[in-house]
Amino acid sequence: MSDQSTFERVCAIVREQGGLDDTELTNDTKLADVGLDSLAVVEIVMSCEDEFDVEIDPDASPATIGEFVAIIDGLLEN
């Protein structure tokens, strides 16, 4: 397990997938506001599934970084 928090790891994935190098991300950052379309969100979901070894509900549609973190943390608790 990484020393990084779930938030930090999700932000790293979002930055990498979205080409957002130095963009500041917070829990309230809306994915659409940083230019991520639905295809990019799907790619982020798949990357998060690989990174955290979880399966995110296909009907889940996180709109913010915080929602991504909450979904993953919830899956990791189970």
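How big is the convex hull of the Cα atoms of the range 23-78, per residue, in Å³? All intermediate terms of the calculation are to be shown ahead of the outcome.
Working: hull volume 4.4 nm³, N = 56.
Hull volume over Cα atoms, normalised by residue count, gives 79 Å³.
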To the nearest 20 debye, what charge dipole does the chain have about its Cα centre, counting +1 at the Cβ of each Lys and Arg and -1 at the Cβ of each Asp and Glu?
160
Compactness of the range 1-54, expressed as Rg and Dmax over alpha-carbon positions, Å
10.8, 31
C-alpha long axis of helix 65-77 to longest principal axis of the chain, angle in °:
10
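Read-outs throughout are calculated quantities, based only on the coordinates presented, and are distinct from any laboratory measurement. None of the values given here were measured: they were computed from a predicted structure. Note: ideal-geometry Cβ built from the backbone for every residue, glycine included; neighbour counts use all protein chains shown.
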